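Shown next, in structure tokens, is the structure this report addresses.
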Amino acid sequence: MLLLVYFFYFIFFFPFSIAQFSARSLDSLLQDYAFRAFVRPKTGIPYEGKVPVNLTGIKIAAMRLRSGSLRRRGVKRYKEFQIPIGVYEQPYVERLVFVYQNLANWSNLYYPLPGFTYLSPILGLLAYDASNLSAKNLQELEIRASKNPITVHLLNVQEPPEKGLSPMCVYFGLDGSVEFDNVINKTVCSTTKQGHFSIAVQYTPPAPPAPSPAGKHGGGGGGGRKDKKKVGIIIGSVVGGGFGLLIFLGALFTCLKKCRIKKRIQRMEAAADTGEPLLMANIGHVRAPMASETRTRPVLENDYMP
């Protein structure tokens, strides 16, 4: 029985537990796994990382850079990101690491956007101090583009689900803020700071149609009959269970009543056994108790006369 309870808890509540796992916690976890890709790292070379099995589909990478070289030269191409010259970090560090994220099919789970539909996966670019490549739970550095913006060239951007809808660049800040901007050349977004990026359109998919009560192609309403049969089974189970419960309660009440009567008779018999026995006499057809003699003899009034 206990295993059954655990099974239903896993089926119904496990997805909600995943959804409650915050995006910031995910960033910290991906930072740890991205740093593990460094064995003998070379400056300016991206290294692909591996994520845990329960996050299959997410892609990560890490690239170590010198702070001075980043400001003077930038990065011509790091995955979908192009980092121009003039990018600086706060606080200042001698070396830093850019962690790349591609959340793929996990985008909607960690960055839900009600009323919008994503046309591309969410990409992330976060900067960390590179002084200790085995460190975990690092705080992100704050980076700013002082001259030209950082550009994000998103790949495999889908077409809007309906004509006339205008795609927009979506930016998710590390503080939980959400900003929108225009798309450049249909697939490019720009930013001056780090965070997570995607292209989305304001559109809510319609709800799926309700199942038809009758079969479409010569089924003769077979699907409807199956649904009715299922409903009948459920209703019968509920009614049968309730009827069985009533029978059980009735039997329990009867048993309790009999026990009370039996205990009362036993108490009466015990009281009769400990009391003083009385003489019995037949009066007509009835046998009744009677006293052996009267306590006070009758006295004539004449005996008290002088």
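Tabulated data
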{"read-out": "Flag for LEU119 being closer than 25 Å to ARG36 by Cα, buried (at least 21 other Cβ atoms within 10 Å of the Cβ) and modelled with pLDDT of 95 or more", "value": "no"}
{"read-out": "Criterion violated by TYR88 - all others in (1) part of a loop (DSSP other than H, G, I, E, B); (2) farther than 28 Å from SER166 by Cβ; (3) not hydrophobic (A, V, I, L, M, F, W, C) satisfied", "value": "(1)"}
{"read-out": "Residue check for GLN82: open to solvent by 20 Å² or more (accessible area, probe 1.4 Å), touching a His at 6+ places or on another chain (Cβ under 9 Å) and either modelled with pLDDT of 95 or more or assigned to a loop (DSSP other than H, G, I, E, B) (or both)", "value": "yes"}
{"read-out": "Single condition TRP106 does not satisfy, out of (1) crowded, with 18+ Cβ neighbours inside 10 Å; (2) in a helix (DSSP H, G or I); (3) out of contact with any Pro (no Cβ under 9 Å at 6 or more places or on another chain)", "value": "(3)"}
{"read-out": "Search result, residues across region 122-164 that are among the acidic types (Asp, Glu), modelled with pLDDT of 95 or more and either within 30 Å of the chain's Cα centre (by Cα) or over 23 Å from VAL75 (Cβ atoms) (or both)", "value": "GLU140"}
{"read-out": "Any hit, region 54-69, residues being crowded, with 18+ Cβ neighbours inside 10 Å and on the phi > 0 side of the Ramachandran plot", "value": "no"}
{"read-out": "Every pair of residues 6+ apart whose Cβ atoms lie under 6 Å, when the first sits in region 96-118 and is under 12 Å from ALA61 (Cα atoms) while the second is part of a strand (DSSP E or B) and open to solvent by 20 Å² or more (accessible area, probe 1.4 Å)", "value": "VAL97/ARG64; ASN102/LYS59"}
{"read-out": "Within region 66-102, tally of residues that are of a type in the set (A, V, I, L, M, F, W, C) and closer than 18 Å to TYR33 by Cα", "value": "4"}
{"read-out": "Search result, residues across region 62-99 that are of a type in the set (Phe, Trp, Tyr), closer than 17 Å to ILE150 by Cα and in contact with a helix residue (DSSP H, G or I) (Cβ under 8 Å, 6 or more places away or on another chain)", "value": "TYR88"}
{"read-out": "Any hit, region 114-121, residues being assigned to a loop (DSSP other than H, G, I, E, B), farther than 18 Å from GLN101 by Cβ and of a type in the set (Ser, Thr, Tyr)", "value": "no"}
{"read-out": "Hits in region 70-79 - residues which are part of a strand (DSSP E or B) and buried (at least 16 other Cβ atoms within 10 Å of the Cβ)", "value": "VAL75, TYR78"}
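The values are calculated or read from the model by the stated rules, or taken from the named source; none is laboratory data. As the structure is a prediction and not an experimental result, all values here were calculated from the model. Every residue, glycine among them, receives a Cβ derived from its backbone with ideal geometry; neighbour counts consider all protein chains shown. To get the accessible areas, we keep the full protein, side chains included, count just its heavy atoms, and leave off ligands, DNA and RNA. Shrake-Rupley method; radii C 1.70, N 1.55, O 1.52, S 1.80 Å.
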